[in-house]
Amino acid sequence: EHFLIIMAGGIGTRFWPISRSSNPKQFHDVLGVGKTMLQQTAERYAGIIPQENIYVVTSEEFADLVQTQLPYLKSDQILKEPQRRNTAPCIAYAAYKIGKKHPNATLVVAPADHVILKEEIFRTKISLAIETAQGNSLVTLGILPTRPDTGYGYIQFQTGDQEAKTVKTFTEKPHLELAQAFLESGDYVWNAGIFVFTIPTFKRELEKNLSRLAEQFDEGESVYYTSEENDFIRKVYAVCKSISVDNGIMEKAQDVKVILADIGWSDLGTWKSMYEIHEKDVNQNVITGNVLTYDSQHCIIRTPSSKLVVIQGLNNFIVAEHDNALMICPKDQEQEVKKFVEAATNLD
Ligand code: GDD
Ligand code: MG
């Protein structure tokens with residue numbers, strides 16, 4: 001049996017002020033398509049994974065949002081984390097919980113905040129990944145890199161004809177020179193952040209590489225799916241290690257496979273990446289809201305529909321308003337967003 005684990009506990013701060021720690025981007029309709037990123041993520045697996053096998057792992061404070069956006073989920077399918085501990089504990093929790101009832105299930109683990117434009121190809125690749133995972137490998141999807149981005153994991157694969165390629169090395173978020181060298185070498189792809197494995201394979205790797213986490217979640221065997229689960233999880237999360245699955249497992253694991261996937265993937269990490277794939281008007285503006293623009297080009301404007309916004313003579317800017325915050329920032333200075341988030345947190 002196959003299960004989907006959606007990781008939806010991140011806070012996506014680079015998308016400030018739309019994405020706030022109180023309401024991060026996975027719960028927004030970032031692309032203006034009428035569905036939030038979380039809803040799109042869940043729907044992408046229709047026909048492969050039944051709704052009763054979709055689990056979402058998120059912060060306690062977002063559980064109601066998840067329930068509202070995916071009303072068909074039963075409360076057992078929303079895993080509530082009392083703290084953010086990064087992705088290794090998040091996956092471990094889901095694997096040990098689901099493993100109680102379905103010890104040999106296959107898990108597809110996916111981030112809640114990605115865009116995949118070529119859905120048909122994507123489903124073919126996921127089906128192949130599920131099949132490949134039956135051979136006890138950790139399976140990933142690889143994206144052809146287009147720039148030396150230091151925000152991704154880099155996967156070096158063994159060249160050859162097979163669709164599921166043997167992984168030689170996995171390097172999470174390399175520094176720039178290394179990323180540059182990987183890009184030039186031609187046998188590296190970006191890690192798309194989607195992982196497929198059977199529960200026994202994941203447990204094997206967790207025990208080998210993060211054995212304390214394995215013990216901590218294994219101790220919950222008798223409480224998963226009972227009224228004691230939340231208390232147990234609070235105690236584990238209070239003390240467990242915070243580490244990503246990429247650093248904690250993927251970099252060290254032996255038996256990893258990668259499937260190259262030309263699926264129109266974007267992790268929508270930044271305003272610019274959103275601009276690139278969003279539909280634009282004749283002036284190359286991306287506009288959501290009640291906005292009149294004159295002599296303005298290449299802007300992203302995202303304002304509440306309740307307010308008329310008029311823009312004159314503005315080029316290459318981001319204008320984004322949400323709740324009590326308004327940001328006006330040149331598009332090529334968006335890396336400064338971190339600074340605003342920090343300042344705003346101190347005011348909140
Ligand atoms: N439940 C839960 N709890 N989810 C979390 C937590 C947590 O503590 N931390 C992060 N997430 C969710 C995020 O919401 C996101 O959907 C996903 O897990 C991945 O976390 P990110 O923090 O966005 O990771 P990243 O983008 O830096 O790196 C990962 O993705 C890249 C592709 O976008 C890595 O897997 C890289 O190797 C990969 O290239
Ligand atoms: Mg990410």
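Label sites at Ala181 and Thr124, each approximated as a point 7 angstrom past Cα along Cα to Cβ, lie 3.6 nm apart. Note: region 181-311, Cα convex hull, 222 Å³ per residue.
As a length-normalised measure over Cα pairs under 8 Å and 6 or more apart, the relative contact order of the chain settles at 19 percent. Short-range pairs are left out: with C-alpha atoms under 8 Å and at least six residues apart, the relative contact order of region 263-348 is 19 percent. At R0 = 56 Å, how high is the FRET efficiency between Gln134 and Leu326 if r is their beta carbon distance? Nearest 0.05 is fine. Approximately 0.65, to the nearest 0.05. Pairs from the list Lys25/Lys168; Lys101/Lys168; Lys165/Lys338; Lys118/Lys272; Lys101/Lys208 with a Cα-Cα gap above 30 Å: Lys25/Lys168; Lys101/Lys168; Lys165/Lys338. Potential lengthening of the chain between Tyr72 and Glu336 amounts to 91.1 nm, from the contour at 0.36 nm per residue minus the alpha-carbon distance. Taking a point 7 Å from the Cα of Glu52 along the Cα-to-Cβ direction, the residues of region 185-226 with backbone N closer than 19 Å to it are 225-226. Sequence-ordered 3J(HN,Hα) estimates for region 317-323 from the Karplus curve with 6.51, -1.76 and 1.60 and θ = phi - 60° stand at 10, 9, 10, 9, 10, 7, 6 Hz, glycine and proline given as x. I'd like the distance separating the alpha-carbon centroids of region 43-83 and region 236-256, in whole Å. Rounded to whole Å, the Cα centres lie 22 Å apart. Could you tell me the ratio Rg/Rh of region 289-348? Both radii from Cα atoms, Rh via Kirkwood. Ratio of gyration radius to Kirkwood radius for region 289-348: 1.00. For the chain, the direction-averaged projected area of the alpha-carbon convex hull comes to 18.1 nm². Each DSSP beta bridge with both residues in the chain is either parallel or antiparallel, and the antiparallel ones are about 45%. Taking a ≥ b ≥ c as the square roots of the eigenvalues of the Cα gyration tensor of region 176-252, is the shape rounded (a/c under 1.5), prolate (a/b larger than b/c) or oblate? It is prolate, given that a/c is not under 1.5 and a/b is the larger ratio.
Note on Glu1 and Leu260: with the Förster distance fixed at 30 Å, the Cβ-Cβ geometry gives a FRET efficiency of about 0.65. With contacts defined as alpha carbon pairs under 8 Å and 6 or more residues apart, what's the relative contact order of region 180-284 in percent? Relative contact order, region 180-284: 25 percent. For the chain, adding -39500 (n - 2.57) for each run of n ≥ 4 DSSP H residues and dividing by the number of residues yields -8500 deg cm²/dmol at 222 nm. A Förster radius of 41 Å combined with the Cβ-Cβ distance from Lys168 to Val33 puts the calculated FRET efficiency at roughly 0.60. Is the shape of region 11-119 best called rounded, prolate or oblate, per the rule: a/c under 1.5 gives rounded, else a/b larger than b/c gives prolate, else oblate, with a ≥ b ≥ c the square roots of the Cα gyration tensor eigenvalues? Here region 11-119 falls in the oblate category. The label point for Lys252 and the one for Tyr294, both projected 7 Å from the Cα toward the Cβ, are 6.3 nm apart.
What separates the Cα centres of region 121-166 and region 279-329 is a distance of 38 Å. You can think of it this way: the chain between Thr345 and Ser306 has 11.5 nm of extra reach, that is 0.36 nm per residue less the Cα-Cα gap.
Read-outs throughout are calculated quantities, based only on the coordinates presented, and are distinct from any laboratory measurement. Since this is a predicted model, take the numbers as computed values, not measurements. Note that each Cβ is placed from the backbone with ideal geometry, even for glycine, and that neighbours are counted across all protein chains shown.
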